[in-house]
Each structure stands twice: as C-alpha cells, then as structure tokens.
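To keep things clear, I will list the structure first and then write my remarks on it.
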Amino acid sequence: MKLNTSKRKRFRVTNKVKSAAPKDRFRLSISRSSKNISAQIIDDSKSITLISASSVEKDIRSGAKVNKTELSKIVAQKLAKKAQEKKITKIFFDRGIYKYHGRVKVFAETLRKNGMEF
C-alpha cells in the first residue's frame with residue numbers, strides 16, 4: 001500500500017514515539033489546522049483517549065478574540081489542568097506531521113511551564 005507524504009511522516013514520527021515509550025507514560029497527540037488546534041492524551045496499551053482539549057470548545061471560544069498563538073497557549077493550559085486533575089505528569093509528545101515550530105512549539109513550552117514532563 002502506497003502512502004502519501006503526510007501519512008508517511010505521521011506514521012514515522014508516531015511509530016518512533018510508540019516504540020521508544022515505556023509503558024508507564026501516555027502519548028500526547030497534537031493536531032492543528034489553519035484556524036484551530038487540538039490535543040489528546042492517549043493510552044496506547046488500552047487504545048483509549050484519556051483527556052482531550054480543543055480550541056473549538058465553547059468555553060475557549062467564548063473569550064475575547066485572540067490570535068492563533070495565544071489560542072495554543074490557552075488550549076495547552078486547559079489540557080495541563082485536566083491532566084493534573086487525573087494525576088498525569090509524564091507523557092511523550094507526538095507532534096505528528098508538524099514541525100516543532102510556531103504554534104506547536106508554543107503549545108509544548110506552555111505544557112512544560114504547567115508541570116508536564118516530556
């Protein structure tokens with residue numbers, strides 16, 4: 001089966017994260033579009049999503065107009081808060097097909113500031 005470029009990139013990055021990850025850590029998968037950003041913490045051993053946060057949620061959208069970088073910070077803070085409530089501090093960051101640059105980098109740095117380790 002032939003994969004296109006984006007699927008190949010996602011497969012390569014996610015496979016590296018899954019193979020290097022010890023079983024006591026969960027995977028943080030990030031997804032972004034031209035306007036929104038979303039992330040979820042996944043337990044790969046059980047194949048379930050534990051926590052998710054997105055910029056399309058009502059409580060995030062109801063605030064004042066902010067640019068996309070600020071939106072990434074808000075979503076990261078919300079995800080970190082939810083993770084602390086469930087006592088999740090150690091994760092692996094799965095950036096998918098996106099470079100560690102711009103909104104993805106801001107998202108990761110905000111998570112680190114809020115107590116997440118990866």
**Prompt:** When the Karplus curve 6.51 cos²θ - 1.76 cosθ + 1.60 is applied with θ = phi - 60°, which whole-Hz ³J(HN,Hα) does each residue of segment 58-68 get, with x for Gly and Pro?
**Reply:** 4, 5, 7, 5, 6, x, 5, 5, 10, 7, 5
**Asked** Counting only residues 5 or more places away or on other chains, whose amide H sits under 5 Å from the amide H of Phe93 once H atoms are built in the peptide plane?
**Response** Leu28
**Message:** I'd like the distance between the alpha-carbon centres of segment 1-66 and segment 70-114, rounded to an integer number of Å.
**Reply:** 10 Å
**Item:** FRET efficiency, 1/(1 + (r/R0)^6) with R0 41 Å, evaluated for Lys68 and Ile48 via beta carbons
**Value:** 0.90
**Prompt:** What is the antiparallel percent of DSSP beta bridges lying wholly in segment 5-113, to the nearest 5?
**Reply:** 75 percent
**Estimated vicinal HN-Hα couplings, Hz - segment 36-41 in sequence order (Karplus 6.51, -1.76, 1.60; Gly, Pro = x)** = 10, 9, 9, 8, 8, 9
**Asked** Just one of (i) -0.36, -0.94; (ii) -0.31, -0.87; (iii) -0.52, -0.97 is log10 I(q)/I(0) by the Debye sum over Cα atoms at q = 0.11, 0.18 Å⁻¹ as worked out from the coordinates here. Which one is it?
**Response** (i)
**Asked** Considering amide H positions built from the backbone, and no H for Pro or chain starts, which residues 5 or more places from Asp44, or on another chain, come under 5 Å of its amide H?
**Response** Arg27
**Item:** Backbone HN-Hα couplings from phi across segment 81-97 [Karplus 6.51/-1.76/1.60, Hz, Gly and Pro as x]
**Value:** 5, 5, 5, 5, 5, 8, 6, 9, 10, 9, 9, 10, 8, 9, 7, x, 8
**Item:** Proxy reagent accessibility, fewest Cβ within 10 Å first, across Val66, Val104
**Value:** Val66, Val104
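FYI, it's all coordinate maths here, none of it is from the lab. Only a predicted model underlies this, so the values are computations on that prediction, with no experimental measurement involved. Cβ: placed from backbone, ideal geometry, glycine included. Neighbour counts: every protein chain shown.
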